[in-house]
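Working notes, beginning with the structure itself.
The values are calculated or read from the model by the stated rules, or taken from the named source; none is laboratory data. As the structure is a computational prediction, the values presented were derived from the model and not from experiment. FYI the Cβ positions are ideal-geometry reconstructions off the backbone, even for glycines, and counts take in every protein chain you see.
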Amino acid sequence: KSTCILFRSYSSTTTPTIDYNTLIPENGNIPKSLLDKIGKNLHSSHNHPLNIIKKKIQYHFQSKLSNDQVDFQFFDDFHPRVSVKSNFDELLFPKDHVGRSPNDTYYFNKNQVLRTHTSAHQNDILRDGNRAFLVTGDVYRRDEIDAVHYPAFHQMEGLRVFSFPSDGDKKSHFDPSINFYENQEYKNNKEVKIVEEDLKRSLESMIRGVIGQDLQVRWVDAYFPFTSPSWEMEILFNGKWLEVLGCGVVHPEIMHNTGLGHDRAWAFGIGLERLAMILFDIPDIRLFWTEDSRFHDQFKGVDKSNPSEKGKKLQDIDIKNIKFQPYSKYPSCFKDISFWIGDDFHSNKFFEFVRECCGDLVENVELVDNFTNPKTNKTSQCYRIHYRSMERNLTNEEIDQIQFNLRDKIESSLDLKLR
Ligand code: FA5
Ligand code: MG
């Protein structure tokens with residue numbers, strides 16, 4: 001893994017020749033622990049750090065950009081159950097894009113998923129006639145387990161449409177014979193360049209407004225099926241470049257399909273946990289889901305607005321340099337588990353099974369050994385499961401019991417044989 005790409009993202013272009021549809025179980029692949037997250041709406045919970053971040057970004061777009069006559073609409077409560085059409089097809093994901101794999105995405109059934117990103121709402125909102133908006137919501141991805149990865153997290157999507165004075169040519173910009181991901185004439189087009197500049201300027205000013213004026217920012221070329229050209233923004237944090245958002249100029253085919261073929265637009269998608277972790281020094285992504293008052297008390301009263309007064313102009317929230325004070329780091333302990341894997345084994349299924357079976361006490365799961373017997377061609381893997389509670393000391397007996405339960409159930413659920 002490279003140092004800056006901490007998330008497996010939709011910028012990956014690997015295209016194995018698989019029909020993912022055939023891999024989707026009839027009753028879906030969503031564990032109950034995740035279904036329980038739906039409706040928690042942490043991003044709308046007053047004084048929750050994710051709510052504070054959301055409002056700070058909304059405030060920024062509302063106040064800083066409203067002088068040039070754009071009124072950003074805010075959408076905060078779209079349900080995370082969306083169609084495959086919205087999440088992938090209308091965003092021009094190729095049929096064999098790895099993001100569609102049920103190893104990466106939670107499916108209710110062949111046609112409906114837990115949205116994997118807030119981009120899933122772009123097309124509908126554009127079709128409804130909105131020209132500038134922010135959408136915030138919980139998103140879900142099957143992923144590895146550690147301090148910065150959790151299968152449920154939050155994103156904010158931003159999009160803004162631009163019209164250019166027509167030179168009499170009323171043709172849609174979309175042309176199926178042009179490869180907009182590569183075409184240089186398109187990428188160097190004057191309007192596209194203007195949109196690019198506005199996008200980068202707006203996002204740099206937003207991120208500095210939220211994190212700090214002296215923040216160092218850089219742009220890295222990226223690929224997303226639904227934008228071209230595309231970039232990722234990285235910020236320098238504790239000496240390391242961290243990816244915080246993906247963005248780009250909306251693909252002309254999407255503009256065309258939503259009735260905006262003459263216009264251009266920019267769009268971005270930003271992860272809220274990552275920003276909140278930086279801003280408040282929150283060390284572990286699981287803390288966002290805790291109900292422990294020692295966590296929530298630290299953010300009480302930061303947001304002075306009255307949650308019942310909706311629709312009022314937002315005030316910026318002064319976080320007064322609040323830093324999360326860990327209320328004690330209880331010791332961790334680890335247990336190893338080794339098994340022979342079959343062809344159908346996928347590490348994400350294992351991570352998820354561990355999460356499902358052992359709950360949020362699991363802090364981290366790491367592969368510590370991978371061995372293929374040259375004679376039998378069988379592969380054995382050993383994973384180390386680190387346990388830690390955010391709230392209390394764990395006893396050895398308790399962890400033994402959890403690990404025993406895991407071993408007891410795992411063979412009948414996953415394609416593997418314990419060693
Ligand atoms: C997307 O999800 C695109 N929809 C972003 C986008 C929108 C591009 C509009 C262009 C136009 P990506 O998978 O890179 O891209 O995720 C975007 C951001 O979400 C990341 O930069 C990161 O901040 C956050 N993120 C992604 N995966 C995780 C994860 N597992 N845990 C926490 N945050 C994550
Ligand atoms: Mg990314």
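A few notes on this one:
- One residue alone among Glu191, Glu185 is modelled with pLDDT of 95 or more and either touching a strand residue (DSSP E or B) at 6+ places or on another chain (Cβ under 6 Å) or of a type in the set (Val, Ile, Thr) (or both), and that residue is Glu191.
- First in the range 39-57 and within 14 Å of Gly301 (Cβ to Cβ) and in contact (Cβ under 8 Å) with a residue 24 or more places away in the chain, second anywhere and assigned to a loop (DSSP other than H, G, I, E, B) and of a type in the set (Ser, Thr, Tyr), Cβ under 8 Å, 6 or more apart: Asn51/Ser45
- Helices (runs of 4 or more DSSP H) enclosed by the range 267-365 - at least 1 residues per element that are in the same structural domain as Val210 (by TED's automatic domain parsing): 272-280, 293-296
- Meets criteria (of a type in the set (Asp, Glu) and out of contact with any helix residue (DSSP H, G or I) (no Cβ under 6 Å at 6 or more places or on another chain)) for Glu356: no
- Failed item, numbered, when Phe61 is tested on (1) touching a residue at least 12 places away in the same chain (Cβ under 8 Å); (2) more than 16 Å from ligand 1 (Cβ to nearest atom); (3) closer than 30 Å to Gln298 by Cα: (2)
- Test for Val139: is it β-branched (Val, Ile, Thr), under 30 Å from Gly39 (Cβ atoms), surrounded by 13 or more Cβ atoms within 10 Å (Cβ to Cβ) and at pLDDT below 95: no
- Of residues in the range 221-244 being without any contact (Cβ under 8 Å) to a residue 40 or more places away in the chain and not in a strand (DSSP E or B), the one nearest to ligand 1 (Cβ to nearest atom): Asn238
- Taken as a whole, the condition of being within 30 Å of Leu35 (Cβ to Cβ) and part of a loop (DSSP other than H, G, I, E, B) applies to Glu144.
- Within the range 103-114, the only residue that satisfies the criterion of being within 16 Å of ligand 2 (Cβ to nearest atom) and free of Cβ contacts under 8 Å to residues at least 40 places away in the same chain is Thr105.
- Residue ID - modelled with the highest pLDDT, chosen from residues in the range 368-419 that are among the small types (Gly, Ala, Ser) and not in a loop (DSSP other than H, G, I, E, B): Ser380
- Reported count of residues in the range 22-50, each being in contact with a His (Cβ under 6 Å, 6 or more places away or on another chain) and either hydrophobic (A, V, I, L, M, F, W, C) or more than 13 Å from Val139 (Cα to Cα) (or both), is 2.
- Among the residues making up the range 116-147, those that are within 22 Å of Phe93 (Cβ to Cβ), in contact (Cβ under 8 Å) with a residue 40 or more places away in the chain and over 15 Å from the mean Cα position of the chain (by Cα) are Gln122, Asn123, Ile125, Leu126, Arg127, Phe133.
- Val217 vs. criteria away from ligand 2 (no atom under 13 Å from the Cβ), over 29 Å from Asp96 (Cβ atoms), in the same structural domain as Pro176 (by TED's automatic domain parsing) and modelled with pLDDT of 95 or more: yes
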